[in-house]
1. What are the extents of the Cα atoms of the range 128-201 along their three principal axes, listed from largest to smallest and rounded to whole Å?
2. Assigning unit charges at the beta carbon (Lys, Arg +1; Asp, Glu -1) and nothing else, what dipole magnitude in debye, to the nearest 20, does the chain show about its Cα centre?
3. Looking at Ala128, Gly343, Asn101, which one has the Cα that reaches farthest to the positive end of the dipole of the chain (charges on Cβ: Lys, Arg +1; Asp, Glu -1)?
4. Tell me the trypsin sites (Lys or Arg not before Pro) within the range 31-118 that lie in a loop according to DSSP and have at most 15 other beta-carbon atoms within 10 Å.
5. What is the dipole size for the range 88-148, taken about its Cα centre, with +1 at each Lys and Arg Cβ and -1 at each Asp and Glu Cβ, in debye to the nearest 20?
6. On alpha carbon coordinates alone, what is the Rg over Rh value for the range 241-365, Rh being the Kirkwood radius?
7. Compute the distance in nm between two label points, each set 7 Å from the Cα along the Cα-to-Cβ direction, one at Arg11 and one at Gln120.
8. Looking at the range 201-238, which trypsin sites (Lys or Arg not before Pro) are in a loop (DSSP not H, G, I, E or B) and have at most 16 other Cβ atoms within 10 Å?
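Nothing in this text is a laboratory measurement; each read-out follows from the coordinates by a stated rule. Values in this document were obtained by computation on a predicted structure and should not be read as measured data. Quick reminder, even Gly has a Cβ in these numbers, built from the backbone with ideal geometry, and neighbours come from all protein chains shown.
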Amino acid sequence: MIYADNAATTRLDTDAFEAMRPFLLEEYANASQPYSFSRNVKMALRDARSTIASCIGALAEEIYFTSGGTESDNWAIKGLMRPGDMRLMITSQIEHHAVLNVCLSIERLGIPVRRLPVNQEGIVESEAFQTSISDQTKLVSVMLANNEIGTVEPISALAEIAHQHGALFHTDAVQAVGHIPVDVKALGVDLLSASGHKFNGPKGVGFLYIKKGTEIQPYANGGGQESGIRAGTENIASIVAMACALRKNCDRMITVSERLSRMEHIFIHTLNQAGIDYIRNGADNHIPGNINISIRDANGESLLHRLDLKGICISTGSACDSVNTKVSHVIQAIGIPKEYAQGTIRISFGADNIETDASEVATALIEILRK
């Protein structure tokens with residue numbers, strides 16, 4: 001099998017797995033308890049928080065553990081945009097549904113939300129943002145990197161504009177953390193979401209960076225965990241594993257990125273040599289290994305299943321139901337022509353792929369298209 005859907009999830013790193021094992025079998029104490037059996041657990045929690053903070057240029061006390069990216073996004077938005085607050089929220093048209101669906105929910109409470117368009121590369125342009133924001137804007141949420149087309153947004157420029165108008169800035173960095181350099185101070189963001197399983201950590205764990213001094217409502221009420229604003233017994237094993245995986249990914253980031261770039265070149269060169277009629281979606285500045293293409297007169301869902309029969313796992317830019325194949329909101333937002341849009345697929349190589357995977361996936365795709 002060739003797994004080429006790393007943007008959906010990644011394989012758990014073996015070192016991360018070994019790091020979590022003791023906290024599943026031996027060091028299973030509750031970190032909130034005062035007895036000595038909890039001492040190692042408390043230290044592991046503290047060290048994991050410090051490790052993650054160092055990887056993104058934050059302070060340890062600015063890292064709050066969650067169940068994953070979806071919770072982190074929900075908390076960032078719902079914790080700031082409260083019922084009765086009529087100040088505006090701004091987001092983009094190409095956000096993950098963890099943001100878009102939260103926006104729908106707060107709109108039902110009467111909170112206004114504005115959705116910014118993007119250009120053909122999927123970029124939120126500073127000029128368009130400048131004309132949309134005002135001093136009545138309370139929160140801006142724009143993703144750091146798009147999960148479908150991989151485009152990296154100009155977050156530092158957007159955050160600077162937001163702060164000039166007194167607005168807070170949140171970025172969904174789920175697709176970016178562990179894959180490109182992320183420094184919250186350089187980005188200028190007030191909140192940042194991440195998820196462990198996107199960078200070879202376990203599923204079901206993530207974190208939210210909250211800049212010191214930012215006032216936010218608790219996501220879950222209960223005990224005093226996470227400084228009293230995110231109740232619930234900490235998932236120590238997964239937190240430790242997530243920190244291990246992130247540290248490892250950051251340490252090998254340059255080497256892995258260079259290899260993924262070579263794989264992208266191999267894949268695209270193979271398609272071009274075969275004369276395949278397609279559009280590559282996204283910007284030059286994108287997540288390494290992310291290849292999103294729209295193939296003329298093809299069907300993305302069909303390509304996914306036919307590649308699956310060949311032992312190759314990819315993703316599609318379309319969501320298929322029993323009746324219709326719907327073009328994703330991202331592909332619609334960047335204006336891909338209809339004759340190409342239905343044939344959208346995403347190949348996302350990761351740290352565990354080897355260079356021959358790129359040519360094998362491309363060759364298999366060409367064979368299917370020629371039939």
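1. Per principal axis, max minus min of the Cα coordinates gives 40, 23, 17 Å.
2. On the way: 33 positive and 42 negative charges, 99 e Å.
Dipole of the chain, to the nearest 20 debye: 480 debye.
3. Of Ala128, Gly343, Asn101, it is Asn101.
4. Here the trypsin sites (Lys or Arg not before Pro) that fit, given the DSSP loop and packing criteria, are Arg108.
5. Values: 4 positive and 7 negative charges, 61 e Å.
With Lys and Arg at +1 and Asp and Glu at -1, about 300 debye.
6. 1.00
7. Result for the modelled spin labels: 3.8 nm.
8. Those that pass, being in a loop and sparsely packed, are Lys203, Lys212.
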